[in-house]
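To start, the structure under review is shown below, and the notes come after it.
The values are calculated or read from the model by the stated rules, or taken from the named source; none is laboratory data. Every value quoted in this text rests on a predicted model; they were computed, and no experiment measured them. Here the Cβ is made from the backbone with ideal geometry for all residues, glycine too, and neighbour counts use every protein chain on show. These area figures cover heavy atoms from the full protein model, side chains too; ligands, DNA and RNA do not enter into them. Shrake-Rupley method; radii C 1.70, N 1.55, O 1.52, S 1.80 Å.
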Amino acid sequence: MKQNENLEIDFFVGIDMSKDKFDVGVMDKSGVRIGHKKFNNNDLGFEELFTWLSNSLKTDKLFFC
């Protein structure tokens with residue numbers, strides 16, 4: 001896979017999904033753990049995820065995996 005040299009990423013957001021809940025971990029581009037949080041696997045949980053990310057990170061350069 002060819003790496004995109006123009007891709008700018010400030011944070012990596014890892015998501016582990018399960019039936020009832022999902023865990024989200026965030027680390028910066030240096031590999032430093034920024035935070036971790038659990039959310040309910042429903043519409044409200046996803047809204048809470050995006051609110052948490054936007055309040056915590058102040059960037060739109062995120063890579064979700």
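For the chain, the per residue solvent-accessible surface stands at 79 Å², with DNA, RNA and ligands left out and a 1.4 Å probe. If you sort D60, D16 by accessible surface, 1.4 Å probe, largest first, the order is D60, D16.
Report, in degrees rounded to the nearest 10, the 0 to 90 angle that the Cα long axis of helix 43-57 makes with the longest principal axis of the chain. Tilt relative to the chain: about 40 degrees.
Couplings 3J(HN,Hα) of region 18-25, computed from phi: 9, 5, 9, 9, 9, 9, 10, x Hz, in residue order, whole Hz [Karplus 6.51 cos²θ - 1.76 cosθ + 1.60, θ = phi - 60°; x for Gly and Pro]. Share of the chain's accessible area from carbon and sulfur, percent, 1.4 Å? Carbon and sulfur together cover 51 percent of it. From the coordinates of this entry, P(r) over Cα pairs in 5 Å bins from 0, in percent is computed, and it appears in [x] 3, 17, 23, 24, 17, 10, 5, 1; [y] 3, 16, 21, 20, 14, 10, 7, 6, 2, 0; [z] 4, 16, 26, 23, 15, 9, 5, 1 under the label [z]. Measuring with a 1.4 angstrom probe and ignoring ligands and nucleic acids, S54 comes out at about 70 Å² accessible. When only the Cβ of Lys, Arg, Asp and Glu is charged (+1, +1, -1, -1), the dipole of the chain relative to its Cα centre reaches about 180 debye.
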